[in-house]
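Data block below; observations after.
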Amino acid sequence: MKKSIWMYMVGALALCLTSCVQQKPCTEINWATFNIRYANPADSLDSWEYRKDTVASFILANDLDIVGMQEVLHRQIEDLKERLPEYEAVGVGRDDGKQGGEYAPLFFKKDRFEVMDSNTFWLSQYPDSVGFIGWDGACCRIATWAKLKDKQTGQVFMAVNTHFDHVGVEARKNGALLIIEKIKEIVGEQPAVLTGDFNVTDESEAYTTLVSNEFVLKDAQKIAKTVEGVDYTFHNFGRIPAAECNKIDFIFVTPQIQVERSFIPQNVEGQPGKNLSDHNPQVVKLSF
């Protein structure tokens, strides 16, 4: 009789623990990487003045929780804040650590996420040196990060957003290694997501460095349960034939993150004023 009671108690405890695990809330996030193209009047009908409402509308229509953007000038930050009052932004200009030059900002829903910490570092031998050009880079490059807490589930995770150099091979590879070290330093084994315009395809050394390092980051597009849309991001406002376009914008995730869906929307080719950017954004649905 005592043995039966003991077995019953063990079984009940196991059932209780299983129930608790099953009821643990899951964090689900609609996340995007998006090079919005800097405000350049020479873009004519594709210049920022004609696209800013379209970009903001895209973010709202896709119910994006977090967006890592590239090539964002200060005036574009202000335009987006005005059109997206439900979002908060973190980031600084790469030239002076304030408002000068391009930002690599993170936009996120402020009613859902709490910022526990955030900062920007320079992709160089001296990450804290504002405006320093690293290795063989053509210009200074940055990564902006935020340690966030999901107010709905209590989950803590890291968002990192960057824009790699368009010339320096060593700058891109060493920038990748630096970002990996920063992720380990800031959140350790907690979930992390890296977004960016990496200026290279998945055949590059920088890409391989990210996905084959001991601290593994996975390409969200390649592990997604569902993949939709086109397979490229850069198209130069539709001037490059689709068959010749490349995917140079990526979203990378740490292994504990599941990618439910990856979507790259088709660019509206040949219709100036209706293009989102000279890059397609990539949108993923993540759960962890």
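Tally time: how many residues in region 249-269 are more than 12 Å from the chain's Cα centre (by Cα), modelled with pLDDT of 95 or more and either closer than 18 Å to N161 by Cβ or crowded, with 21+ Cβ neighbours inside 10 Å (or both)?
5
Exactly one condition in (1) closer than 24 Å to I59 by Cβ; (2) at pLDDT 95 or above is false for P272; which is it?
(2)
Looking only at region 25-56, which residues are part of a strand (DSSP E or B) and of a type in the set (D, E)?
If the condition is that a residue be part of a strand (DSSP E or B) and of a type in the set (D, E), then E28 is the only one that fits.
Under 9 Å by Cβ, and 6 or more places apart or on different chains, what pairs join a residue from region 66-80 that is at negative phi with one that is of a type in the set (D, E, K, R) and in a strand (DSSP E or B)?
I66/K109; Q70/D197; Q70/D249
Conditions (1) touching a His at 6+ places or on another chain (Cβ under 8 Å); (2) closer than 21 Å to D249 by Cβ, marked per residue:
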{"position": "E49", "(1), (2)": "no, no"}
{"position": "T54", "(1), (2)": "no, yes"}
{"position": "H74", "(1), (2)": "no, no"}
{"position": "E78", "(1), (2)": "no, no"}
{"position": "K81", "(1), (2)": "no, no"}
{"position": "R94", "(1), (2)": "no, yes"}
{"position": "Q99", "(1), (2)": "yes, no"}
{"position": "S118", "(1), (2)": "no, no"}
{"position": "D128", "(1), (2)": "no, no"}
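Cβ contacts < 7 Å: first residue closer than 14 Å to I257 by Cα and of a type outside the set (V, I, T), restricted to region 173-199; second residue modelled with pLDDT under 95 and in a loop (DSSP other than H, G, I, E, B), any location; separation 6+ or different chain. Result?
Listed by first residue and then by second, the contacts come to P191/F288.
Taking region 128-154, which residues are buried (at least 18 other Cβ atoms within 10 Å of the Cβ) and of a type outside the set (A, V, I, L, M)?
Scanning region 128-154 gives G134, G137, C140, R141, T144, W145, K147, D150.
Could you check, for region 238-248, whether at least one of its residues is surrounded by 15 or more Cβ atoms within 10 Å (Cβ to Cβ) and at pLDDT below 95?
yes
Taking the criterion of being in contact with a strand residue (DSSP E or B) (Cβ under 8 Å, 6 or more places away or on another chain), of a type outside the set (K, R) and more than 17 Å from E71 (Cα to Cα), would at least one residue in region 132-141 satisfy it?
Yes, region 132-141 has at least one match.
Quick one: in region 93-118, of everything that is farther than 24 Å from P41 by Cβ and touching a Lys or Arg at 6+ places or on another chain (Cβ under 8 Å), which residue is surrounded by the most Cβ atoms within 10 Å (Cβ to Cβ)?
It comes out as F113.
So, in region 203-233, exactly how many residues are modelled with pLDDT of 95 or more, surrounded by fewer than 20 Cβ atoms within 10 Å (Cβ to Cβ) and in contact with a helix residue (DSSP H, G or I) (Cβ under 8 Å, 6 or more places away or on another chain)?
Residues meeting the conditions: 7.
Looking at region 187-210 only, could you name the residues that are outside any helix (DSSP H, G or I) and of a type in the set (S, T, N, Q)?
Residues satisfying the conditions are Q190, T195, N199, T201, S204.
The values are calculated or read from the model by the stated rules, or taken from the named source; none is laboratory data. Small disclaimer: the values here were computed from a predicted structure and weren't measured. When we count neighbours, we look across all protein chains shown, and the Cβ atoms used for this are built from the backbone with ideal geometry, even at glycine.
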